[in-house]
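Novice: Have a look at the structure that comes next, please.
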Amino acid sequence: MLHCFKYMRLFAVIALPVVRLTVAAQDSRARISIIDADAQTAVFTSDGFAADREEALENACINVMQAILYSGVEGFNGGRPIVANAEHKRTNLWLGNMFTGKNPGYKQFCAGIELIDDFDRAASGQTHCRVNVIISHAYLLRRADTQGVTGNVKPQPAPSNTAVPATDSTSPAVPTERNTDVPATKPAVKKPKKSFL
């Protein structure tokens, strides 16, 4: 009997990371589309699937975020994903914490979830919902850009150049006009004579 509990604990430890990975992965049944957008937010429809209602709502939001970050959604950002390079998903710390931990990063960009129809059961036995997910896309794009995952090249400040610019050797020399009232060199300053008084 003791061995049975030991094996059950071992199975739970092994299965837990697999469950977390499947929750963070975009569900292929999600049917994500954009229905409205303004300068700050965009509204997407998505399906969510999970063991209970709260997790199904969370899954719908994760599906939208996964799609707009990594695969793109037709009608949003030109159909291109926000993350320019798939390598960023593996190496960027900001993206690495997007769907994991106690407070996953994606939640700060989810401005609201609205249930379209009532919850029902999927063929798999999971709870299913169809929702509108409101994403603060302007904030998400700014953060992604500052994290360097969008592929946008940030303009570098021009180096301060104190040297005199070199003249172009192909152009003819143009004489510059000088003010003839000002002497070309400064007069030497006379030192006062020493006094031995």
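The values are calculated or read from the model by the stated rules, or taken from the named source; none is laboratory data. Only a predicted model underlies this, so the values are computations on that prediction, with no experimental measurement involved. Reconstructed Cβ throughout: ideal geometry from the backbone, glycine too, with neighbour counts over all protein chains shown. The protein model used for the area step is the full one, side chains on, heavy atoms only, and it has no ligands, DNA or RNA in it. Shrake-Rupley method; radii C 1.70, N 1.55, O 1.52, S 1.80 Å.
Novice: Quick check, is SER160 more than 11 Å from the chain's Cα centre (by Cα), modelled with pLDDT of 95 or more and of a type in the set (Ser, Thr, Tyr)?
Specialist: no
Novice: Looking at the stretch 67-126, which of the residues that are closer than 22 Å to GLY148 by Cα and of a type in the set (D, E, K, R) is most open to solvent (accessible area, probe 1.4 Å)?
Specialist: The residue in question is ARG90.
Novice: Given the conditions (1) at pLDDT below 90; (2) farther than 29 Å from GLY151 by Cα; (3) not in a helix (DSSP H, G or I), report the number of the one that ASP47 does not fulfil.
Specialist: (1)
Novice: Tally the residues that are small (Gly, Ala, Ser) and free of Cβ contacts under 8 Å to residues at least 12 places away in the same chain, restricting the search to the stretch 93-132.
Specialist: Within the stretch 93-132, residues that are small (Gly, Ala, Ser) and free of Cβ contacts under 8 Å to residues at least 12 places away in the same chain number 5.
Novice: Scan the stretch 127-150 residue by residue and report those that are open to solvent by 40 Å² or more (accessible area, probe 1.4 Å) and closer than 21 Å to SER33 by Cα.
Specialist: ARG130, ILE134, TYR139, LEU141
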